[in-house]
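S.K.: Have a look at this one.
The values are calculated or read from the model by the stated rules, or taken from the named source; none is laboratory data. Everything numeric in this text was worked out from a predicted model, so none of it was measured. Virtual Cβ from ideal backbone geometry, glycine too; neighbours counted across all protein chains shown.
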Amino acid sequence: MKWLGSKPLYILLLLTEKPTKWPRWSVGVGALALAAGIGLVWARAMGDPAWGWAVSLGLLAFALADWGLLALLPRWRLSFGAVQPPFLAGILVRGCLTLIAVPLAIHRPWPTLIGLVLSQALLWLLMAYGTLIEPFRVQVTHVDIPSKASNPGSPLRIVQLSDLHVERLSRREQALPALVAGLAPDLLVLTGDFLFSS
């Protein structure tokens, strides 16, 4: 990864933002081309074009479900990022999983197809959890730090807020003030990653 320079993870992160500037139709064409190519591989491996059609259409159906979920997030006021990067990541993972299943399908076609469909459905459920539930699970961790010095007063309560990645106001941001107030802080510390931009 020398071509990525001295900060390869940072460069890769920047590269994932490139698709946000691509037209949405071009991402759809890419998904169609990927599904067609993988369907062709399956058709040749299985010796029957019906397998290729079934796999291509199944892959496109799951890709459409991914796109639908991602496109609805702004309407539900849950997330406002571009659809293209997570959609591309999802279709690439789905495509790799489908290609990896080809050698298994040659010897055990139906169990492999059933396993593939179940794994693709599990991927969609994980994506739904990662977009609909997990971002709104604000975690509160309590840490007691004892001091050897004498303290005549009450303990100092510090509340630290970090990694909010705010895009716009959603139900999480609306619930945050009441949550912080309920912790009754003496000192509020903000430690970064406040905004998310795409």
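S.K.: Regarding A181, is this residue of a type outside the set (S, T, N, Q), modelled with pLDDT of 85 or more and within 28 Å of the chain's Cα centre (by Cα)?
M.R.: On the way: of a type outside the set (S, T, N, Q): yes; modelled with pLDDT of 85 or more: yes; within 28 Å of the chain's Cα centre (by Cα): no.
It is false that A181 is of a type outside the set (S, T, N, Q), modelled with pLDDT of 85 or more and within 28 Å of the chain's Cα centre (by Cα).
Here is a yes/no grid of residues against (1) polar (S, T, N, Q); (2) more than 29 Å from I114 (Cβ to Cβ):
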position	(1), (2)
V29	no, yes
A35	no, no
D48	no, no
L57	no, no
F62	no, no
D66	no, no
R75	no, yes
Q84	yes, yes
A89	no, no
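S.K.: Right, something else. Within region 141-156, is even one residue of a type in the set (V, I, T) and either closer than 30 Å to G52 by Cα or assigned by TED's automatic domain parsing to the domain that holds G47 (or both)?
M.R.: No, region 141-156 contains no residue that is of a type in the set (V, I, T) and either closer than 30 Å to G52 by Cα or assigned by TED's automatic domain parsing to the domain that holds G47 (or both).
S.K.: Six or more apart or on different chains, Cβ atoms under 6 Å: show the pairs whose first residue is in region 3-31 and at negative phi and whose second is of a type in the set (V, I, T) and modelled with pLDDT of 85 or more.
M.R.: If the second residue must be of a type in the set (V, I, T) and modelled with pLDDT of 85 or more, the pairs left are A31/I91.
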